[in-house]
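A short worksheet on the structure shown next.
The values are calculated or read from the model by the stated rules, or taken from the named source; none is laboratory data. Because the structure is predicted, anything quoted here is derived from the model rather than measured. Here the Cβ positions follow ideal geometry from the backbone for every residue, glycine too, while neighbour counts run over all protein chains shown.
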Amino acid sequence: MRDSFEVFDFSAEPRLHKAILAAQETGQSIGSEPPSSDIAGPAGDGIFIFQSVAGPRQRGLAAFLVDPLELLHMTGGAKGVAVRLQALTAAEPRQVASSSDEAEAIFAEAQRRGLLESVPIFRFGQAYVMDFAPDAGWLAAHPRRSGLLVLVAGLLVSALLAVILAFLLNRHADLEWLVSRRTADLNAAGEQLREAQAIARLWRWELDLPTHAFRWFGSAEGLFCDEVAESIIAYSELLDQSPPAGEGRGGGVAPWGFEVCLSTPEGRERWVSVLGRTVSASDGSPLRRVGTIQDVTERKHSESDRNKLRVQLIHAQKMESVGRLAGGVAHDFNNMLGVILGHAELALAEVCLGHPLQENLNAIQTAAQRSAELTRQLLAFARRQPIEPRALDLNETVASLLKMLRRLIGEEIDLVWKPCAAAATVNMDPSQIDQILANLCVNARDAIAGPGTVTVATGTVSLDEAACRRSSEMVPGDYVVLSVSDTGCGMDRATVAQIFEPFFTTKPLGRGTGLGLSTVYGIAKQNAGFVKVESSVGKGTTFEVYIPRHHATTVGERPPGSEEVPRAQGETVLLVEDEPPLLAMVSRLLEGLGYRVLSTASSEEAVQIATEQGAEIDLVFSDVVMPEVSGGEVSRRIARVLPSAKFLFMSGYSGVEVAAQGVMSEGVHFIQKPFTRQALARKLREALR
């Protein structure tokens, strides 16, 4: 057998082409007629057998080359016998091969002398004949010898030929089985590759640079249509890719890639990743570009979600840092403010109207109150503000604040109130609703230059899982929505992204602390809600505060807003405060309100006094966080000896620290330091009811 042969085009030889067509049409193994003599190489020395090979998605052709010389060498083993193989064509027999270079003369002489023996063969859709005759040496040595030897030799050779043909047929069957198995393996591998491409949403493309012809390999159905692919991918992106300098001679250059967002005919956006390589000719000129395109929309969405979560995490960390700072300084700061504010009120109560010190004392009182308000706003922003939630009808609560809000925004701006028809019940501290509306209305007023409108509205809404996917802060459930809209200047996206950050403000120096919207945000989060903002430059802004809807049968009454200071009715108060200056100041306030005061700076001594005084004590007014025993533990010990005693707690700490002491439960009375004389008087009467 030959070790190698040259490559040539089968279809260029008519006889081979005819056998190829027959194999494709019949699906059987077809042998070729001998090729023409002008075909160089192995095609002129053998018989080609073509076998059609079909798979689930493709059709192919397997070709086998049978070299007759090997067969003749085997059959020519009989001494003195010449062998010739001919193909029976439509025109005349054509010699395929022979065992002697003088075949034509030998077989002509043998036929003349009647010494020619022929065996017909029909295989692979083609008729052949194998001739046997004495060789030239034998004919010369026996000019009149009988042809018996030739006949016997021919019979022996025919038997040998039958064995050889059986071997070839079996070999052919083995090759057919091997081809079918390899074809099945290739088809299975191709199916697995197509399945993997479909799962990965990956397709192959090719762009012919001279003609700009673009072709897909595989279906891009479901990603985008061919028109979109050609207009966006092929001609605007792929054609712009140029080979790197100094690369690509005689082959391809280094791969390149990019990502682009496409629009489907339905208007959906799809992100795709394109990888490609430029194939160049031997002279370096680019011929075509080939590569892959993959749908990476889900990855892009995941990256976008991760970026949003990262921004939200950074924002939450900022809030936590400010909250810790506020909570850390709140206790000492509020205690000092409480002393300042209390003594200022006591001094004001002792000076007569028009006294020269009255103006100074009023300034001290105002500065202390503003400082206390800043502390409360910091705590509210950080969700550490102590609260006393109760069931409230938001419509009634907002309606009671309209008069105050109209004074706040001024006469040039119209205030429109749009309550919802449904019950808008929430479980909140009423003071927090005051803070939300005051801060939002002040911001709305400052955004309006001249006449304008501020609209306050309420509504109810139910959010499902799908609606909450837009933001990680949104949680499915039933909500009451409090919205404040204005017709002001509006904000751009960059400003909206920062408005809830502490101390961020767009107002001129001295006109804002940057804590108003932070306070609104913190109150919403403290009540398991969230805030949405919609704004457009020149068209105004709408803030929507979502608070979980409270399904309650009764609604708590809002404390009266009277300016009257309620006084004692003969009650005794046990005061427990570990800060001596604050203890002395609060004692004076209580005595000024008409209460009998028993005061102590020690929690242990407070329990002892309660045990000794017994039923004389009507109310225990205690600090929450103290060095020896906490206010919560003091109240529990006193309650065991005085079951009828009432309790009022105070603290300069934030709500988180106070709640940790176990006193911030429903029905427990609490007042945040610093407090005014009027606020204290109301809380005392509320606790003594």
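Computed quantities for the displayed model
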| read-out | value |
| --- | --- |
| Any chance PRO34 is in contact with a strand residue (DSSP E or B) (Cβ under 7 Å, 6 or more places away or on another chain) and modelled with pLDDT under 65 | no |
| Inter-residue pairs, beta-carbon under 8 Å, first touching a residue at least 40 places away in the same chain (Cβ under 8 Å) and in segment 472-497, second assigned to a loop (DSSP other than H, G, I, E, B) and of a type in the set (Phe, Trp, Tyr), 6+ apart | none |
| From ALA424, ALA438, residue being closer than 18 Å to THR541 by Cβ, crowded, with 16+ Cβ neighbours inside 10 Å and in contact (Cβ under 8 Å) with a residue 24 or more places away in the chain | ALA438 |
| Residue within segment 447-466 that is touching a Ser or Thr at 6+ places or on another chain (Cβ under 9 Å), within 27 Å of ALA330 (Cβ to Cβ), at pLDDT 85 or above and in the same structural domain as SER518 (by TED's automatic domain parsing) present | no |
| Strands (runs of 3 or more DSSP E) contained in segment 385-496 and holding at least 1 residues touching a helix residue (DSSP H, G or I) at 6+ places or on another chain (Cβ under 8 Å) and of a type in the set (Phe, Trp, Tyr) | 413-418 |
| Filter result for ALA140 (at pLDDT below 75 and in contact with a helix residue (DSSP H, G or I) (Cβ under 9 Å, 6 or more places away or on another chain)) | no |
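This table checks each residue for (1) modelled with pLDDT of 80 or more; (2) surrounded by fewer than 16 Cβ atoms within 10 Å (Cβ to Cβ).
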position	(1), (2)
GLY512	no, no
ILE523	yes, no
GLN526	yes, no
SER536	yes, yes
GLY540	yes, no
ILE547	yes, no
ALA552	no, yes
